1. Using only Cα atoms, find the angle between the long axis of helix 14-28 and the longest principal axis of the chain, and express it within 0 to 90 degrees, rounded to the nearest 10.
2. Would you please give the residues with an amide H less than 5 Å from that of residue 188, counting only those at least 5 places away or on a separate chain, with H modeled from the backbone geometry?
3. Beyond 21 Å between alpha-carbons counts as too far, so tell me which of 56/161; 138/179; 89/114 fall in that bin.
4. Would you kindly calculate the translational diffusion coefficient of the chain, applying Stokes-Einstein with the Kirkwood radius from alpha carbon pairs, for 10 °C and a viscosity of 1.306 mPa s, and quote it in µm² s⁻¹ without decimals?
5. With +1 on each Lys and Arg Cβ and -1 on each Asp and Glu Cβ, and nothing else charged, work out how big the dipole of the chain is about its Cα centre, in Debye to the nearest 20.
6. Please give the calculated 222 nm ellipticity per residue for the chain, where each DSSP H segment of at least 4 residues contributes -39500 (n - 2.57) and the sum is spread over every residue; nearest 500 deg cm²/dmol?
7. Could you give the nm distance between label points at residue 55 and residue 86, where each point is 7 Å from its Cα heading toward the beta carbon?
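Bear in mind that the values in this text are calculations on the coordinates, not laboratory data. Everything quoted here is computed from the prediction, not taken from an experiment. Methodologically, a virtual Cβ is constructed for each residue, glycine included, from the backbone with ideal geometry; neighbour enumeration extends over all protein chains shown.
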Amino acid sequence: MARRDTPEINAGSMADIAFLLLIFFLVTTTMDVTSGISRKLPEKPPKDAPPPPKIKERNIFEVTINRNNMLFVEGGIMDINDLREAAKKFIDNGGGTISAGTEKNDCDYCEGEKDPNSSDNPSKAIISLQNDRGTAYKTYIAVQNELVAAYSEIRDRYSLKKFGRRFGELTTDQQKVVKDAYPQIISEAEPNKS
């Protein structure tokens with residue numbers, strides 16, 4: 001009796017099919033891309049750059065976060081929920097300059113208290129943020145959000161007053177006018193190593 005051989009399955013093209021499926025899934029699959037914090041880091045100044053100008057103490061709003069996630073503003077403890085209003089008050093102060101006992105107001109559009117011991121003008125108001133290396137990332141981001149929100153609210157208010165629309169609805173040229181009036185100046189000092 002003759003033995004019948006069972007036919008073999010031709011598997012030569014299986015590798016080609018697997019390769020084509022792999023390419024298909026690589027091309028059609030989308031990857032979730034998470035975006036980080038939108039921050040532009042300052043460039044390193046050239047070696048022959050002139051020293052930075054002297055800044056008046058009253059034009060600097062000091063915000064410090066320690067390793068225990070405690071927030072210190074202008075040397076005193078502050079709750080993070082009060083930071084936005086304190087920053088807005090500082091930025092929009094419009095205190096002007098004091099010379100020979102007379103006060104001169106540089107900011108005719110500012111709506112602040114015009115405190116001579118606070119910032120002169122929004123273009124001179126600098127928020128200095130410093131944290132500790134042990135500061136929780138969550139706290140650092142929350143503080144950043146409050147400071148940026150302070151600028152956003154002031155810019156929205158000024159945009160509504162000047163152009164009748166919120167800052168995000170303005171043209172590029174109009175946004176530039178608002179940014180010139182209220183530039184966002186947040187200086188981040190190197191974290192403490194303690």
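1. For helix 14-28, the angle is close to 20 degrees.
2. Placed amide hydrogens put 129 under 5 Å from residue 188.
3. Violating the 21 Å limit, Cα to Cα: 56/161; 138/179.
4. The calculation lands on 75 µm²/s.
5. That gives a dipole near 240 debye.
6. Estimated from H runs of four or more residues: -11000 deg cm²/dmol.
7. Computed distance between label sites residue 55 and residue 86 equals 1.7 nm.
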